[in-house]
Every structure is written in structure tokens, then in C-alpha cells.
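First comes the structure, then the notes that go with it.
Throughout, read-outs are computed from the coordinates displayed, never taken from laboratory work. No experiment lies behind these values; they were computed from the predicted model shown. Note: ideal-geometry Cβ built from the backbone for every residue, glycine included; neighbour counts use all protein chains shown.
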Amino acid sequence: MTVGRGRVSNNVRRLREAAAMTQAELGERVGATRQTIIAIEAEKYAPSLELAFKLARAFERPVDDVFRFHAEG
Amino acid sequence: MSQHETTAWWSLGSGILIWLFLLMRFTEDGRIVDLSAGDALATYIQMIVLWIIASVVPATLAAKRPAGTAKDERDRAIDALGDRWEGYVVLIAINVLIVHMLARAWYADRTPSLPIPDLGSTAALVFALLTTLFLADAVKQVVVLWQYRR
């Protein structure tokens with residue numbers, strides 16, 4: 001089975017707000033800038049696998065809870 | 001606006017200003033003047049000095065606020081995309097110059113109907129190559145800014 005193009009959505013904003021963290025705090029925790037956290041939350045930037053795992057770890061959730069892949073077609 | 005975005009705006013602005021300086025030195029009434037090798041070299045050295053000053057200023061300002069200077073993976077990805085576009089521009093421009101020079105040589109006995117610059121002189125060739133570099137850098141900065149702004 002081949003997986004075609006798709007897009008990645010995420011729950012970063014919801015999880016960050018639930019954890020009462022600011023974007024700057026989350027960025028500091030995962031080694032990213034506040035601007036990158038903003039771009040990820042707005043789904044304008046899909047992070048690398050490494051950063052995705054770091055974000056999941058920061059929320060103490062599995063990656064699947066934070067990021068979701070939506071295949072097109 | 002992040003430090004990297006500010007630096008990109010600065011690079012774009014200073015690059016345009018330095019290119020305008022070159023334009024002022026190498027052209028007159030819209031035509032490339034045949035500068036002597038000494039004048040062309042002096043202009044080139046002045047341009048290098050201006051370029052160094054333009055590069056040192058944002059680096060000095062960034063050093064004063066180290067918190068915003070660290071690049072993360074998105075910054076590096078944006079830089080890489082900018083570098084790629086810069087490479088495309090250099091590749092295209094160099095090929096345009098090569099085709100232009102070959103065409104000029106091939107049709108040396110004909111007068112061009114369009115006001116095509118003659119790159120036969122050292123000054124004209126230097127100006128064309130420097131313009132290529134500035135154009136490529138400007139495209140890179142525009143791509144970087146577009147990526148940060150989108």
C-alpha cells in the first residue's frame with residue numbers, strides 16, 4: 001500500500017494551553033524559538049521527527065496524540 | 001519580528017544600497033561606462049568594505065541580544081530554501097551571460113537592434129557578475145522574508 005500526499009495537523013496549542021505553558025516556555029523546553037512554536041500551532045510549519053518527539057515528550061503524550069497525518073485522496 | 005527576520009530585511013536593504021552604489025559607479029545615462037581597470041578595482045574594494053560593514057552591523061546588534069540569535073530547525077530550513085533559490089538565480093544568470101557573450105561573438109558583424117549591453121569590456125563584465133551576485137542575494141532574502149511572513 002502506498003501513502004500519497006497529505007498534511008499534518010496538530011494539537012500543540014490545545015495541549016500547551018492545557019499545560020499552562022507560554023509559547024516561549026514550550027520553545028525553550030524543546031529547543032525551538034517562539035516563532036517556530038507559533039508556526040507549528042498555526043500549521044504553517046511541519047516540524048522534524050526529532051522536534052515532534054520532543055514536543056510530545058514535553059506534553060508527556062505519545063506523538064500520535066500531538067500530531068496527526070491526514071492522507072489526501 | 002525575530003532577529004533573523006530583521007537581519008534578512010537589513011541584508012536586503014543594504015544589498016540594494018550597495019548595488020545602487022555600483023550602478024552609480026559603473027553606469028552613466030543608463031549605459032555601462034568603460035572604467036579603467038584601476039577604477040574598477042577601486043570600486044570593487046570599496047564594495048567589499050561596504051559589504052563587510054553591512055554584515056558586521058547586524059551581527060553586532062544580534063550579539064547584544066543573544067537570546068534571539070540562536071537558529072532552530074525552522075530557521076535553518078528557511079535558510080536552506082533561501083540558499084537554494086540563490087543558487088538557481090546564479091545558475092540562470094551565469095547561463096544568460098554565457099549565451100549573451102556567445103551570441104555577441106557569433107553575430108559580431110551585425111549591429112543589435114535592441115540596446116543589449118556589450119560585455120566585451122572588463123568593467124561591463126565585472127558589473128554584470130556583481131549584479132548577478134547581488135540579485136541572487138536579494139532573491140534569497142526575499143524568499144527568507146516570505147517564508148517568515150507566510
Unmet requirement for B:Gly38, which otherwise passes all of (1) over 18 Å from the mean Cα position of the chain (by Cα); (2) surrounded by 14 or more Cβ atoms within 10 Å (Cβ to Cβ); (3) assigned to a helix (DSSP H, G or I): (2)
Scan of region A:28-43 for residues that are buried (at least 16 other Cβ atoms within 10 Å of the Cβ) and not in a helix (DSSP H, G or I), ordered by number: A:Ala32, A:Thr33
Some residue of region B:55-75 being in contact (Cβ under 8 Å) with a residue 24 or more places away in the chain, touching a Leu at 6+ places or on another chain (Cβ under 7 Å) and either within 13 Å of another protein chain (Cβ to nearest Cβ) or in a helix (DSSP H, G or I) (or both): no
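Condition check ((1) assigned to a helix (DSSP H, G or I); (2) more than 14 Å from chain B (Cβ to nearest Cβ); (3) of a type in the set (A, V, I, L, M, F, W, C); (4) touching a helix residue (DSSP H, G or I) at 6+ places or on another chain (Cβ under 6 Å)) across all residues:
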{"residue": "A:Arg13", "(1), (2), (3), (4)": "yes, yes, no, yes"}
{"residue": "A:Glu17", "(1), (2), (3), (4)": "yes, yes, no, no"}
{"residue": "A:Leu26", "(1), (2), (3), (4)": "yes, no, yes, yes"}
{"residue": "A:Tyr45", "(1), (2), (3), (4)": "no, no, no, yes"}
Every residue from region B:92-136 that is assigned to a helix (DSSP H, G or I) and either at positive phi or exposed (fewer than 12 other Cβ atoms within 10 Å of the Cβ) (or both): B:Asn95, B:Ile98, B:Val99, B:Leu102, B:Ala105, B:Trp106
Options B:Arg31, B:Arg84; residue that is loosely packed, with under 13 Cβ neighbours inside 10 Å, under 18 Å from the mean Cα position of the chain (by Cα) and either within 30 Å of A:Glu50 (Cβ to Cβ) or among the basic types (Lys, Arg) (or both): B:Arg84
Single residue of B:Gly82, B:Gly30 found to be out of contact with any Lys or Arg (no Cβ under 6 Å at 6 or more places or on another chain) and away from every other protein chain (no Cβ under 14 Å): B:Gly30
Counted residues, region A:8-60 - those being basic (Lys, Arg) and over 22 Å from B:Asp75 (Cβ atoms): 1
Condition broken by B:Ala8, with the remaining ones in (1) away from chain A (no Cβ under 14 Å); (2) crowded, with 18+ Cβ neighbours inside 10 Å; (3) of a type in the set (Gly, Ala, Ser) satisfied: (1)
Boolean, A:Thr2 is free of Cβ contacts under 8 Å to residues at least 12 places away in the same chain, within 14 Å of chain B (Cβ to nearest Cβ), among the β-branched types (Val, Ile, Thr) and over 16 Å from A:Glu60 (Cβ atoms): no
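Output the residues belonging to region B:76-115 that are in contact (Cβ under 8 Å) with a residue 60 or more places away in the chain and among the hydrophobic types (A, V, I, L, M, F, W, C).
B:Ile78, B:Leu81
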